[in-house]
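These notes concern the structure reproduced below.
The values are calculated or read from the model by the stated rules, or taken from the named source; none is laboratory data. None of these values were measured; they are calculated from a predicted model. Note that we place each Cβ from the backbone using ideal geometry, even for glycine, and neighbour counts take in every protein chain shown.
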Amino acid sequence: MSDQHAKGPGTGHDHEPETFDREISVRPLVAFAVGLVVVIIVSGVAMWGLSVLLKAREEAQDRPLSPVVQREGAPPVPEPHLQTTPELDLKAMRAHEDSLLHSYAWVDRNAGVARIPLERAMELLVQQGLPTRAEPLPWTRPGTWRDQSLQRLAREGGP
């Protein structure tokens with residue numbers, strides 16, 4: 001490449017290489033920045049004024065509280081209430097359930113029904129075994145249930 005620059009119209013280099021050419025003017029950039037700051041400030045003030053106006057309008061449209069509510073206070077929030085601390089609620093529920101599983105208590109004292117700890121109930125079950133029927137059901141061939149029900153109906157005087 002040559003170190004010489006072309007001169008003349010349309011070449012883009014109409015000046016000497018030693019001189020500095022200021023291609024970007026600073027004055028329009030500063031004017032744009034100042035204008036942008038002014039627009040932002042004016043918009044902020046306008047939004048603040050609008051929020052004050054709308055709040056005043058809303059307060060003017062509010063109905064006064066009834067004398068009953070003024071005298072007795074606001075009614076309680078209806079059920080169900082949201083949990084504010086679900087982790088603590090879960091711990092409390094599990095602690096309550098564990099106390100039920102591992103303690104003695106009367107369920108119905110008049111009927112003689114009591115609750116015993118889970119471990120003790122399993123020990124008793126192992127010692128005594130599961131309850132069984134006194135008399136086993138008679139064996140019937142598969143598919144004969146209709147015949148037996150018809151015989152029972154005949155014995156009982158059914159249709």
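Here is a yes/no grid of residues against (1) surrounded by fewer than 10 Cβ atoms within 10 Å (Cβ to Cβ); (2) hydroxyl-bearing (Ser, Thr, Tyr); (3) in a loop (DSSP other than H, G, I, E, B):
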position: Val68; (1), (2), (3): yes, no, no
position: Arg71; (1), (2), (3): yes, no, no
position: Pro75; (1), (2), (3): yes, no, yes
position: Gln83; (1), (2), (3): no, no, yes
position: Asp89; (1), (2), (3): no, no, no
position: Leu100; (1), (2), (3): no, no, no
position: Ser103; (1), (2), (3): no, yes, yes
position: Trp106; (1), (2), (3): no, no, no
position: Asn110; (1), (2), (3): yes, no, yes
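Residue pairs whose Cβ atoms lie under 6 Å apart, separated by 6 or more positions or on different chains, with the first residue in the stretch 88-111 and within 18 Å of Met122 (Cα to Cα) and the second assigned to a helix (DSSP H, G or I), are Leu101/Leu118. Just checking, does the stretch 64-86 include any residue being modelled with pLDDT of 90 or more and not basic (Lys, Arg)? Checked the stretch 64-86: at least one residue is modelled with pLDDT of 90 or more and not basic (Lys, Arg). Of all residues in the stretch 2-17, one or more are surrounded by 10 or more Cβ atoms within 10 Å (Cβ to Cβ), charged (D, E, K, R) and at pLDDT below 65.
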